[in-house]
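The numbers here are math on the coordinates, done by the rules we state, and not lab data. Everything numeric in this text was worked out from a predicted model, so none of it was measured. Here Cβ is always computed from backbone atoms with ideal geometry, including for glycine, and neighbour counts include all displayed protein chains.
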Amino acid sequence: MTYRNGGDLLVAVLKELGIDTVFGIVSVHNLPLVEAVDRELRFVPVRHEATAVNAADGYGRARGGLGCALTSTGTGAGNAAGSLVEALASGTSVLHVTGQIESRYLGEGRGFIHETRDQLGMLAAVSAYAATVPDAASAGRLLREAAATALAVPGGPASVEWPVDLQYAAQVDTPGTPATAEAPAAPDPAELAGARALLTAARRPLIWAGGGANRARPELLALLETTGAGLITSNSGRGAVPEDHPRVIGNFATTPAVRSLLADADALVTVGTHFRSNETADYGLKLPGAHVQIDVDRAALGRVYPVRHALRGDAARVLPSLTGAAAPADPDWTARVCAVRDEVRAALREGIGPQAAVCDALTAALPRGAVIARDVTIPSSTWGNRLLPMHDPRANVFPRGGGIGQGLGMGIGAALARPDVPTVVIAGDGGLAVHLGELLTLAQERPRLLLLVFNDGGYGVLRNTQDRYSDRRSGVDLHTPDFAGLAAACGLPYARIAAEADADGVIRGALAADGPSLVEVDLAALGPMKTPFTPPVSIPTA
Ligand SMILES: Cc1ncc(C[n+]2csc(CCOP(=O)(O)OP(=O)(O)O)c2C)c(N)n1
Ligand SMILES: [Mg+2]
């Protein structure tokens, strides 16, 4: 096949991949790409390259697939790097195509416009795959290889830099199936036999699902049903089994009730989790010695917690052989699991005080499976990441690497991927300010998106931390805009929640709208949580 230029080739590859919307910022170093995408697909002109990647990431997460971002050379590609870090941390699938200077000047350091030293090295540091298009006969192969790497287990972003002269050139393409990563190894037979025996004998089993379990949903449910075990999840594993299942405890591992459950369990099967510091109280959480760990990544096995049987492999292929050997749990254990599920929810609900009204209103008003994108803010870290029910991993859009400012971009991408349902974004005033310009993208593209801004006049989580551990506040109090005026300036509908009684009506009203809206939750007016939130990180001097 030949194509008139690189843009036409990119569109053909994106169509093969089922991508209909692309996020980016136009530049002299990506003009042929942007023009072709805008002509043939939907091009969304976001206001910062970090958002291009976040939105592509959110689009991919919401569809359970791949998203695409287009950026420019140098600063444009550098602006994308922080969000590529997030996709790498989350193992989510982003195809990042960025410009590069003309191929004849590559690597000379002569100061060609947008030139940057070792752009490929920068991209390689933050992506699962990075390549430079070398000529006009290789771009199709590299784009397909990049996409396949991003989609393969364990995922991550894939970056392709494309010298601008080669974007303009006529392209020769030889479509074909890309060389994908090698199929994950099957687990060691002796380890598997040991794990099966452990499950046959277990009467008090627990399962822990991380993000890796999202690719093995029916297999995970089968193990849960056969055993009557309780299911703990990481934030990333939420929705792998719908959270209204009576034995899904969820993202509550560090609560006293779950710690005591872990202390009494006689088997723990962990599936595709990194045991991140946030979910293990900085690795202080105690896990049972009878621990079976499943992961595709050899390095993850036993890295954080000792493991009795390490099973390397794809969870979808390993779990059924455990289910085949598993025996039912003691009925008393199963009853205790169900009681703990209710207990941890009730305790959290009590602690968040008046914000429970907002959580309840969202739970009641959102259609099942609607995307809930969260920025890193206290409402997310408390109830958004735990209490607000998640029934599908595709609805669970959260920057797992913990970087603020990415929620709105992810939400815009998700909302454009899922026009059938409304999307909610939960953001703090501080996180929103990082990419305030994206309010304009929201106003321009008009997705069905409810942006809920929790306004406490600053970086509340750091303010709480300083109030607890320091004698003064530093860098936490922020000038916040008049959100009503800001919304008006952007042409966005606005409403305010200032009391518990407002939550239901305001949220229902906003979700009924066929487009975007901004709802401010005035936290000074709503009132404080019963328990001020401080993050689960250790302060060495505390
Ligand atoms: C990119 C990045 N920079 C800094 C931080 C540190 N940080 C974590 S939460 C936070 C405050 C966020 O403020 P806001 O969005 O208003 O939420 P609040 O804590 O007030 O609920 C900051 C600065 C971070 N996580 N990521
Ligand atoms: Mg704040």
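Computed values, structure above
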quantity	calculated
Estimated FRET transfer efficiency (Ala339, Thr363; beta-carbon r; R0 22 Å; 0.05)	0.55
Residues in the stretch 15-57 that a label on Ala443 would reach, taking backbone N under 11 Å of a point 7 Å out along Cα→Cβ	none
Fully extended contour minus Cα-Cα distance, from Ala125 to Arg468, at 0.36 nm per residue	119.8 nm
In order through the stretch 226-234: 3J(HN,Hα) via Karplus (6.51 cos²θ - 1.76 cosθ + 1.60), integer Hz, x for Gly, Pro	5, 8, x, 6, x, 10, 9, 10, 6
Sequence ranges 530-537, 254-261, ranked by mean other-Cβ count within 10 angstrom, highest first	254-261, 530-537
9 Å beta-carbon shell around Val26, net charge (K/R +1, D/E -1)	-2
Length added when fully stretched, Ala327-Ala137, from 0.36 nm per residue minus Cα-Cα	62.7 nm
Proximal charge balance of Thr71 [Cβ under 14 Å; K/R count +1, D/E count -1]	-2
Net dipole in debye of the chain [+1 Lys, Arg Cβ; -1 Asp, Glu Cβ; about Cα centre; nearest 20]	960
Three-way shape label, the stretch 59-120, alpha-carbon gyration tensor, a/c 1.5	prolate
Rounded, prolate or oblate (a/c below 1.5 giving rounded, otherwise prolate when a/b exceeds b/c) for the chain by Cα gyration tensor	oblate
Rounded to whole Hz, the Karplus (6.51, -1.76, 1.60) HN-Hα couplings of the stretch 114-121, x for glycine and proline	6, 4, 9, 6, 6, 4, 5, x
Highest average packing first - 165-177, 262-274, 375-387, Cβ atoms within 10 Å	375-387, 262-274, 165-177
Environment charge of Val506, counting only residues whose C-beta is closer than 14 Å and scoring Lys/Arg +1, Asp/Glu -1	-4
Interchain or long-range residues, amide H under 5 Å from Leu449's placed H	Thr423, Gly515, Ser517
Contour minus Cα-Cα distance for Asp244 and Thr75 (0.36 nm per residue)	56.3 nm
For Arg42, residues with placed amide H under 5 Å, excluding near neighbours	Thr21, Val22
Packing-based order for 219-228, 497-506, using average beta carbon neighbours within 10 Å, highest first	219-228, 497-506
Residues of the stretch 136-150 with amide N under 11 Å of the 7 Å Cα→Cβ point at Val172	136-138
Magnitude of the charge dipole, the stretch 192-337, Cβ model with Lys/Arg +1 and Asp/Glu -1, debye to 20	300
